[in-house]
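Comments concern the structure below.
The values are calculated or read from the model by the stated rules, or taken from the named source; none is laboratory data. In this text, all values refer to a predicted model and were calculated from it rather than measured experimentally. Positions of Cβ are backbone-derived with ideal geometry, glycine not excepted, and every protein chain shown enters the neighbour counts.
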Amino acid sequence: MLGTEVLVVLTVTLGLSAVRSALSLVDSLLQPVPLSEQQVALNAPAAQAELVDLALQLLRVLQLVGWGALGAYLLVRGGIALRAVGLDARRPGRDALGAAGLAALIGVPGLGLYLVARALGVSLAVAPSTLDQTWWQLPVLVLSAAANSWAEEVVMVAYLITRLRQLGWSENGSLLAQALLRGAYHLYQGLGGFVGNVVMGLVFGRVWQRTHRLWALVGAHALIDVVAFAGYALLAGRVGWLP
């Protein structure tokens, strides 16, 4: 039954996102315009009316929180305490330091990889946000970053690696599987997004396998996304290399 549970969870959450992402990349490749001249937005308006757009953005945040909560709930229901996967408040200071270190380790090289992929023409121009400049723009971007981080790290790392272990997968096998899936649901960004997120998955997954501190991964991912989302919103149009 565990195998069925994993398939259902991935179908409801990030597994289906990977299929959509792959199809999005295929569609981009079929366009007459090269990948390097196409653009994709990570946070885009969902409606023309400002308050309706705000409501839809918050619903997306709630959906991501729900995905992570589903993974955590199923682990607890299966007899695995949240403390065992690192979702507790025993070591807030060390988790915060770990988050900052991981964010720097992944974020800076990740930006370099993106620029190289763009120069090689194998990645779309990624605009972290095309939301209108409203009073709620920055708060929503921060919430989106936090929700993305929570959903991805709980489902991909704590839930998926744990379940694959229980199904008899090796540590390296489960690590590689979740890293490839993480890369797959970023394929819509092009080859750069895929490779960068596979590397991120390998690093984050291995850190968790050794420390079992998930809050450090959630915090690191959130820091990376907050800097990308909010930084872009503040600097777009003022820095030449930003799309």
For residues that are in a loop (DSSP other than H, G, I, E, B) and among the hydrophobic types (A, V, I, L, M, F, W, C), scanning just region 77-95, find the one that is modelled with the lowest pLDDT. 89
Would it be correct to say that residue 79 is free of Cβ contacts under 8 Å to residues at least 12 places away in the same chain and not aromatic (Phe, Trp, Tyr)? yes
Just to be sure I understand the filter: pairs with C-beta atoms under 6 Å, separated by 6 or more residues or on different chains, first member in region 87-110 and touching a residue at least 60 places away in the same chain (Cβ under 8 Å), second member outside any helix (DSSP H, G or I) and surrounded by 13 or more Cβ atoms within 10 Å (Cβ to Cβ). Which pairs pass? 95/213
Is it the case that residue 126 is in contact (Cβ under 8 Å) with a residue 12 or more places away in the chain and in a helix (DSSP H, G or I)? no
Residue list for region 111-150, filter: surrounded by 19 or more Cβ atoms within 10 Å (Cβ to Cβ) and among the charged types (D, E, K, R): 118
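So that you can scan it fast, the table gives a plain yes or no per residue for (1) touching a Leu at 6+ places or on another chain (Cβ under 9 Å); (2) surrounded by 22 or more Cβ atoms within 10 Å (Cβ to Cβ); (3) of a type in the set (Gly, Ala, Ser):
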| residue | (1), (2), (3) |
| --- | --- |
| 152 | yes, yes, no |
| 156 | yes, yes, no |
| 207 | yes, no, no |
| 220 | yes, yes, yes |
Out of the residues in region 5-59 meeting the condition of being part of a loop (DSSP other than H, G, I, E, B) and of a type in the set (S, T, N, Q), tell me which one is surrounded by the most Cβ atoms within 10 Å (Cβ to Cβ). 13
Any chance region 139-155 includes a residue that's β-branched (Val, Ile, Thr), in contact with a helix residue (DSSP H, G or I) (Cβ under 7 Å, 6 or more places away or on another chain) and under 30 Å from residue 30 (Cα atoms)? no
When you scan region 60-76, do you find a residue that is surrounded by 18 or more Cβ atoms within 10 Å (Cβ to Cβ), among the polar types (S, T, N, Q) and either assigned to a helix (DSSP H, G or I) or within 19 Å of the chain's Cα centre (by Cα) (or both), even just one? no
Scanning region 160-217 for residues that are part of a helix (DSSP H, G or I), of a type in the set (Lys, Arg) and touching a helix residue (DSSP H, G or I) at 6+ places or on another chain (Cβ under 7 Å) gives 163, 165, 182, 206
Quick one: residue 131 ticks every box in (1) assigned to a helix (DSSP H, G or I); (2) touching a residue at least 60 places away in the same chain (Cβ under 8 Å) except a single one, so which number is it? (1)
Test for residue 149: is it closer than 21 Å to residue 111 by Cα, part of a helix (DSSP H, G or I) and among the hydroxyl-bearing types (Ser, Thr, Tyr): yes
